[in-house]
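See below for the structure under consideration.
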Amino acid sequence: MIITTAGRTNIERIQIANRYANQLQIPYIARRKLSVEEIMEQEKDEVLVVGKNRLDIYPRNHPHEPIFFHPNSAMFRVKRVVRGEDDPFIQAARLKDGMTFLDCTLGLGSDSIVASSVVGKTGCVVGIEGNRFIAFLLQHGLKTWESGNDEMNLAMSRIEVINRNNLDFLKEQKNNSFDVVYFDPMFNIEIEESDGIKGLRIIALYTDIFDETIEEAKRVAKKRIVLKDHWKSTRFETFGFSVFRRKTAKFHFGVIELDD
């Protein structure tokens with residue numbers, strides 16, 4: 001990964017790009033009116049672009065599908081939850097004000113944003129992301145995105161992003177550290193995705209869920225483990241999840257209850 005600025009830039013954004021380059025320990029390359037594709041060809045690497053309002057990651061083999069932070073479906077989902085309407089994820093996780101939630105596969109954070117809005121300022125949401133550049137993108141986006149909705153902004157700002165392997169992180173936690181532990185692994189079967197998420201498939205870490213992962217999650221979770229996966233997935237049966245099946249939905253939620 002190298003870092004540069006958007007085509008139209010200024011001294012401030014150049015300074016920001018250099019600061020991020022130092023933080024990430026990656027090279028800064030001056031834009032010099034080159035296109036992203038030309039910089040990729042020149043540097044033989046992927047590109048992180050510092051723009052006016054956001055960061056974009058351009059995967060080398062798919063430069064026309066940049067990865068960027070956007071709340072996506074969380075925008076309207078949070079509004080619905082605030083109005084008292086049902087959300088399948090919240091129903092499966094049974095989240096309430098003040099609860100603690102660990103997202104082991106943060107990605108671009110849509111479900112964690114909804115979780116944060118529900119658990120509120122007395123709760124806690126921690127997201128684990130294995131790819132350090134996606135984690136950096138999330139840390140920046142969650143703190144700087146202006147949604148125009150105070151509830152959304154507060155929910156995003158409260159999420160703690162940690163760049164780690166989720167199994168390693170789970171092993172380090174004490175028993176019953178979080179009320180709910182959540183997994184949303186990359187689907188083996190691709191479904192239609194929104195802009196900003198398509199490119200995520202290209203550079204995301206495809207860390208599978210293993211028996212050891214679930215056993216550690218059972219130790220760390222106080223109340224339940226939740227799995228979001230494609231409706232055809234065999235993971236639900238393999239790990240003993242009770243499945244909330246939804247007609248016409250392309251993915252389901254599975255739950256392992258721990259406090260019965």
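The values are calculated or read from the model by the stated rules, or taken from the named source; none is laboratory data. The structure presented is a predicted model; accordingly, all values stated were derived computationally and were not measured. When we count neighbours, we look across all protein chains shown, and the Cβ atoms used for this are built from the backbone with ideal geometry, even at glycine.
Key figures
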read-out: Test for A92: is it crowded, with 20+ Cβ neighbours inside 10 Å, over 18 Å from L138 (Cα atoms) and more than 15 Å from the chain's Cα centre (by Cα); value: yes
read-out: Breaking point among (1) within 23 Å of I16 (Cβ to Cβ); (2) free of Cβ contacts under 8 Å to residues at least 60 places away in the same chain; (3) under 17 Å from the mean Cα position of the chain (by Cα); (4) surrounded by 24 or more Cβ atoms within 10 Å (Cβ to Cβ), for M156; value: (2)
read-out: Qualifying residue in region 147-158 (condition: acidic (D, E) and farther than 23 Å from I225 by Cα); value: yes
read-out: Search result, residues across region 241-258 that are more than 16 Å from Y182 (Cβ to Cβ) and either assigned to a strand (DSSP E or B) or touching a residue at least 24 places away in the same chain (Cβ under 8 Å) (or both); value: R246, A249, K250
read-out: Residue in region 207-223 that is loosely packed, with under 14 Cβ neighbours inside 10 Å and modelled with pLDDT under 90 present; value: yes
read-out: Odd one out for V47, checked against (1) closer than 30 Å to G254 by Cα; (2) hydrophobic (A, V, I, L, M, F, W, C); (3) at pLDDT 90 or above; value: (1)
read-out: Test: residue in region 68-79 that is surrounded by fewer than 20 Cβ atoms within 10 Å (Cβ to Cβ) and over 30 Å from L95 (Cβ atoms); value: no
read-out: Condition met for L138 (part of a loop (DSSP other than H, G, I, E, B), buried (at least 23 other Cβ atoms within 10 Å of the Cβ) and in contact (Cβ under 8 Å) with a residue 24 or more places away in the chain); value: no
read-out: Residues located in region 95-128, provided they are at pLDDT below 95 and within 17 Å of D168 (Cα to Cα); value: T105, L106
